[in-house]
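Reviewing the structure listed below.
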Amino acid sequence: MKALKISIGVIALVILSACAQMNASLIAPTGIANNDHEALVNYYETVAEEARSRLQKNKKILEAYEARPYYYGRRGLDLQSHTSANIRAHEKTLQESIKFAEFHKRMATKERNAPTSKEKINSN
C-alpha cells in the first residue's frame, strides 16, 4: 500500500514537471536552423513588429480604461491591471526580440565577411 502511494506520487510529480511551463517569453523558432542567421533576423524582426503592434493596441485600451473608469464598474481596476501586465509582457518581448535580431545581424555579417574553409585552403 505504501509503495503504491509513493509510486502514484512519483508519477504525479513527473507528469506535473513535464507539463510545467518554461520561460516562454521568446521561444526558439522551429523550422529554422541555428546557423541560418538571416532567417533568424527576419523571424525576430517579425516578432518585434507583432509585439510593437500589440503594445500599441494595449496602450490605447489602457488609456480608454483610465479615461472613463466609471464605464467599467468594479471590473475596471482588474481590466486596468491586466492590460498593464500585458503591456509589460509585450515590452519585454519587444526588447528581447530586438536584442536577438541585433545579435543575429552581427553573426550574419561575420558569416558573410569570413572566408570559407575552401578559400582558406586555396590561399595556403
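What follows draws every value from the coordinates through simple rules; no lab data is involved. Predicted, not measured: the structure shown is a model, and the values here were computed from it. Using ideal geometry, Cβ is built from the backbone for each residue, glycine included, and neighbour counts are taken over all protein chains shown.
Rounded to 0.05, the FRET efficiency of the ARG75 and ASN34 pair, given R0 = 41 Å and the Cβ-Cβ distance, is 0.35.
Electrostatic tally near ARG52: other residues with Cβ closer than 12 Å to its Cβ, Lys and Arg +1, Asp and Glu -1, net -1.
Projecting the Cα positions of ALA85, ALA64, MET107 onto the charge dipole of the range 33-114 (unit charges on Cβ atoms of Lys, Arg, Asp and Glu, taken about the Cα centre) puts ALA64 furthest along the positive direction. For the range 40-80, the direction-averaged projected area of the alpha-carbon convex hull comes to 3.0 nm². The modelled label-to-label distance for the pair LYS105/ILE61, using points 7 Å beyond Cα in the direction of Cβ, is 3.0 nm. Count Lys and Arg as plus one, Asp and Glu as minus one, and take only other residues whose Cβ is under 11 Å from that of SER81; the net charge is then +1.
In the range 33-114 the Cα-Cα distances spread across 5 Å bins starting at 0 as 3, 16, 19, 15, 11, 9, 9, 6, 5, 4, 2, 1, 0 percent of all pairs. In plain terms, the residue of LEU62, LEU77 with the fewest other Cβ atoms within 10 Å comes first and the most crowded comes last, giving LEU77, LEU62. In order along the range 28-37, phi translates into HN-Hα couplings of 4, x, 9, x, 10, 5, 4, 9, 8, 5 Hz, rounded to whole numbers, per the Karplus curve 6.51 cos²θ - 1.76 cosθ + 1.60 with θ = phi - 60° and x for Gly and Pro.
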